[in-house]
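So the structure is just underneath, and the comments pick up after that.
The values are calculated or read from the model by the stated rules, or taken from the named source; none is laboratory data. Note that the structure is a prediction, hence the values are computed from the model and not measured. Please note: Cβ atoms are built from the backbone with ideal geometry, for glycine as well, and neighbour counts cover all protein chains shown.
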Amino acid sequence: MLNFNRTRSQPRSTRSMSLGGMDYVDPKRKGNFVGKVFLAAALTALCIIMIKRSPSLNPPSPFSIREPGVTHVLVTGGAGYIGSHATLRLLRENYRVTIVDNLSRGNLGAVRVLQELFPEPGRLQFIYADLGDKESVNKIFLENKFDAVMHFAAVAYVGESTLDPLKYYHNITSNTLLVLESMAKYGVKTLIYSSTCATYGEPEKMPIIEITEQKPINPYGKAKKMAEDIIFDFSKNSKMAVMILRYFNVIGSDPEGRLGEAPRPELREHGRISGACFDAARGITTGLKVRGTDYKTPDGTCIRDYIDVTDLVDAHVKALEKAQPGKVGIYNVGTGKGRSVKEFVNACKKATGVDIKVDYLPRRPGDYAEVYSDPSKINRELNWTAQYTDLEKSLQVAWKWQKSHRNGYGILSAI
């Protein structure tokens, strides 16, 4: 028999029903109870999330603090050919490194190689950003505590600069200005600036010394000189330590085969002669194009000072160690010996073992006949001397990497 009478032992608030001796909770009341349980669970989860995100409970990133005995270096363009080799050297020397690169010329694969070599927390971080974006540059400096900047990031092909000069003035000059402004704003005390012998133009007298008059003849050299002028003017009223390294034609790769030069295919026409030689040796191109055979040189081709990338990054580390507050150091980085393009091609043929087909073409706009350095000053003041001066051996090392990396790093340089 159904009994719907409420008993005295059942409080009014429970609003239960008795059916055949069994009690049932009112469905409306059950819904309120379940809702409260879910609400309590949601509030608990929210509290946990807020606690985890609380700055007071989370340790700061090692890149966002200054630690005694640890030098944190920002390497702009650190995914590029020279920048990646410099990063490798810095990490080997126990520096903390942040790479900033927009990957327009660099390789994400190079960054991944470095991350695999140095996976320990607080050693290396990569930030994808464009140094032409003022807000991005400011944010990078705001969120990280840098002790020094090695500024490599730049487009760097003479031929391309004559075709698209505005790109070069913006990328080199304007971007350097933004980096310098943020360094000043956030108290970063040391700048190692990657400059070039192209700022000298075509001097009447060889070899080039640091006080040789700068008369650049192409937009690349002009943009680099403008950036140097900005740095000079700023330094007059600053205690920042500045080192400007004007280096010559870079070749070679990491002797242990971890990194190499992987130029973008669409830029082969403007790239370094070493890359062009290797492309011809591998059959990627039908042959090597040598531009200009009527220069006033012994064999009619341009003469250059070829500096191995391993020596070059060694100069950067020595410059970082020797930089002094309130002073600007200027150094040529080269071997002190000029080699003609024909000599270079012959060395490349021997290094690769391939009889590369050579096409001789008219001069390239913006080129100069003869450029090589006098490295006496950097030897005297920074105790630096080029060690890898055998042209053929440097090319052999680079060729070994090229053969084992037929598709470069095998990773698209984009995110």
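Structure notes:
- Cross-chain or 6+ apart pairs with Cβ under 9 Å, the stretch 100-115 first and on the phi > 0 side of the Ramachandran plot, then assigned to a helix (DSSP H, G or I): LEU103/VAL111
- Residues located in the stretch 294-305, provided they are within 18 Å of VAL158 (Cα to Cα) and either part of a loop (DSSP other than H, G, I, E, B) or touching a Leu at 6+ places or on another chain (Cβ under 6 Å) (or both): TYR295, THR301, CYS302, ASP305
- Selection count where residues are more than 22 Å from ASP308 (Cα to Cα) and either assigned to a loop (DSSP other than H, G, I, E, B) or touching a strand residue (DSSP E or B) at 6+ places or on another chain (Cβ under 6 Å) (or both), scope the stretch 262-286: 4
- Qualifying residue in the stretch 276-295 (condition: under 21 Å from THR196 (Cα atoms), within 20 Å of the chain's Cα centre (by Cα) and of a type in the set (A, V, I, L, M, F, W, C)): no
- If only residues of the stretch 327-368 that are among the small types (Gly, Ala, Ser) and touching a strand residue (DSSP E or B) at 6+ places or on another chain (Cβ under 7 Å) are counted, the one that is nearest to SER274 (Cα to Cα) is SER340.
Let's see how each residue does on (1) farther than 15 Å from MET150 by Cβ; (2) surrounded by 21 or more Cβ atoms within 10 Å (Cβ to Cβ); (3) among the polar types (S, T, N, Q):
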| position | (1), (2), (3) |
| --- | --- |
| LEU191 | no, yes, no |
| CYS197 | yes, yes, no |
| MET206 | yes, no, no |
| GLU213 | yes, no, no |
| TYR220 | yes, yes, no |
| LYS224 | yes, yes, no |
| LEU245 | no, yes, no |
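- Of the helices (runs of 4 or more DSSP H) that lie entirely inside the stretch 64-171, those containing 3 or more residues that are closer than 25 Å to ALA398 by Cα and of a type outside the set (Phe, Trp, Tyr) span 81-92, 108-117, 158-163.
- Selection count where residues are of a type in the set (D, E, K, R) and buried (at least 17 other Cβ atoms within 10 Å of the Cβ), scope the stretch 349-408: 6
- Among the residues of the stretch 152-160, none qualifies, meaning not one is under 22 Å from VAL111 (Cβ atoms), of a type in the set (D, E, K, R) and crowded, with 18+ Cβ neighbours inside 10 Å.
- Out of ILE273, ILE307, ILE303, sole residue that is crowded, with 17+ Cβ neighbours inside 10 Å and in contact with an Asp or Glu (Cβ under 6 Å, 6 or more places away or on another chain): ILE303
- Of all residues in the stretch 163-190, those satisfying the criterion of being touching a Phe, Trp or Tyr at 6+ places or on another chain (Cβ under 8 Å) and either aliphatic (A, V, I, L, M) or over 19 Å from PRO62 (Cα atoms) (or both) are TYR168, ILE172, THR176, LEU180, SER182, MET183, ALA184, LYS185, VAL188.
- Exactly one residue among LEU131, LEU191, LEU124 is closer than 15 Å to GLY80 by Cα, under 16 Å from the mean Cα position of the chain (by Cα) and touching a residue at least 24 places away in the same chain (Cβ under 8 Å), and that residue is LEU131.
- Within the stretch 375-415, restricting attention to residues that are at pLDDT 95 or above and of a type in the set (Gly, Ala, Ser), the residue that is nearest to VAL354 (Cα to Cα) is ALA398.
- Among the residues of the stretch 345-385, those identified as within 31 Å of the chain's Cα centre (by Cα), assigned to a loop (DSSP other than H, G, I, E, B) and among the aliphatic types (A, V, I, L, M) are ALA369, VAL371.
- Inside the stretch 180-217, residues that are polar (S, T, N, Q), under 15 Å from MET243 (Cα atoms) and touching a Lys or Arg at 6+ places or on another chain (Cβ under 8 Å) make up a count of 2.
- Odd one out for GLY221, checked against (1) among the small types (Gly, Ala, Ser); (2) out of contact with any strand residue (DSSP E or B) (no Cβ under 6 Å at 6 or more places or on another chain); (3) within 24 Å of VAL354 (Cβ to Cβ): (3)
Let's see how each residue does on (1) of a type outside the set (D, E, K, R); (2) touching a strand residue (DSSP E or B) at 6+ places or on another chain (Cβ under 8 Å); (3) closer than 30 Å to ALA156 by Cβ; (4) modelled with pLDDT of 55 or more:
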residue	(1), (2), (3), (4)
ASN3	yes, yes, no, no
ARG8	no, no, no, no
MET17	yes, yes, no, no
LYS36	no, no, no, yes
LEU43	yes, no, no, yes
LEU46	yes, no, no, yes
ALA79	yes, yes, yes, yes
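- Qualifying position, being at pLDDT below 95, more than 11 Å from the chain's Cα centre (by Cα) and among the aliphatic types (A, V, I, L, M), among LEU57, LEU142: LEU57
- ARG89 fulfils the conditions (1) at pLDDT below 95; (2) surrounded by fewer than 20 Cβ atoms within 10 Å (Cβ to Cβ); (3) basic (Lys, Arg) except for a single criterion, (1).
- For the stretch 179-224, a residue qualifies if it is in a loop (DSSP other than H, G, I, E, B) and among the aliphatic types (A, V, I, L, M), and the qualifying residues are VAL188, MET206, ILE209, ILE211, ILE217.
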